[in-house]
1. List the helices (runs of 4 or more DSSP H) inside the stretch 9-83, counting only whole elements, that have at least 2 residues being under 25 Å from residue 194 (Cβ atoms).
2. I'm told residue 145 meets every condition in (1) in contact (Cβ under 8 Å) with a residue 60 or more places away in the chain; (2) crowded, with 18+ Cβ neighbours inside 10 Å; (3) in contact with a helix residue (DSSP H, G or I) (Cβ under 7 Å, 6 or more places away or on another chain) except one. Can you identify the failing condition by its number?
3. Report yes if residue 288 is at negative phi, modelled with pLDDT under 95 and outside the structural domain of residue 67 (by TED's automatic domain parsing), otherwise no.
4. Could we say that residue 92 is touching a helix residue (DSSP H, G or I) at 6+ places or on another chain (Cβ under 9 Å), in contact (Cβ under 8 Å) with a residue 12 or more places away in the chain, in a helix (DSSP H, G or I) and surrounded by 13 or more Cβ atoms within 10 Å (Cβ to Cβ) here?
5. Return only the number of the condition from (1) farther than 30 Å from residue 86 by Cβ; (2) touching a residue at least 60 places away in the same chain (Cβ under 8 Å); (3) buried (at least 19 other Cβ atoms within 10 Å of the Cβ) that residue 214 does not satisfy.
6. From the residues in the stretch 158-179 that are free of Cβ contacts under 8 Å to residues at least 40 places away in the same chain and in contact with a helix residue (DSSP H, G or I) (Cβ under 8 Å, 6 or more places away or on another chain), which one is surrounded by the most Cβ atoms within 10 Å (Cβ to Cβ)?
7. Give the residue, chosen from 97, 101, that is at pLDDT 95 or above and assigned to a helix (DSSP H, G or I).
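The values are calculated or read from the model by the stated rules, or taken from the named source; none is laboratory data. For clarity, every value in this text was computed on a predicted model and none was experimentally measured. Neighbour counts run over all protein chains shown; Cβ positions are idealised from the backbone, glycine included.
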């Protein structure tokens, strides 16, 4: 019987653009909860960010803003590990080994590359194409067993499992890497645009009114909720009445997540209400939840050196975990190291 790998959570987020409500409800808030049950590593994946060009100053600012958002949301960098990916070279080193394990056919099936490259596939960076191999290295550099991911990243996690399995099989080490499991928790794991309920809330949307940023103040949050697209009908009394009403379903889902209720509970309270009344309640709960987080983010960002010190300490702890695993990988592969 194969020995069990110790439970360990790994996840990360790119430091590009403003983090928003979708990032918080779909990922960060669930990361906070996982701290209660698992040892966790939460990474700012800046190596992934440069698969497309980033302005260096803006990238540094975004790394610090992401770290501030993690901490302000309740991630504890003392009990767990918070760091930025580029400070731990094992990610890049293991990614190269996985570039030689993964098959081009596997990568050709990745739908996210097709979406991001679009019609300019030939002009996309090689890094964007092999991005999933680096994601596998992020996870497996620590032999992480659980990865909280959104639906749009499940395919990449499945590839991570395939890479781990192929490495184990090719080199005759059946128990070396675990096959990491996805963790998808809580309501509103896929928060949609406030302007188009069929599209995911995104940092890259040209309209700032499509999202609530974690840096927005109370007035901005209230204005964006008030301007959120809806339909002319009142709210239904049960979830079946939301079918075909993407914007209504999105706002109900957001309210449910922010208030720790189910959609059924929300509709029981607001069924028959007009959106003007529901939006006022949604605005109140969003402000109550997010403004303290924003205030703490702003406090942290006043002293970049404090954030840099937290990231450096976290990177040191991450290296202590990853370097022995990387040495073992190199030994398995057959490299000679002094």
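1. Ranges flagged: 29-34, 56-73.
2. Going through (1) in contact (Cβ under 8 Å) with a residue 60 or more places away in the chain; (2) crowded, with 18+ Cβ neighbours inside 10 Å; (3) in contact with a helix residue (DSSP H, G or I) (Cβ under 7 Å, 6 or more places away or on another chain) one by one, residue 145 breaks only (3).
3. no
4. In short, yes.
5. Failing condition for residue 214: (1).
6. Among those residues, the one meeting the criterion is 160.
7. 97
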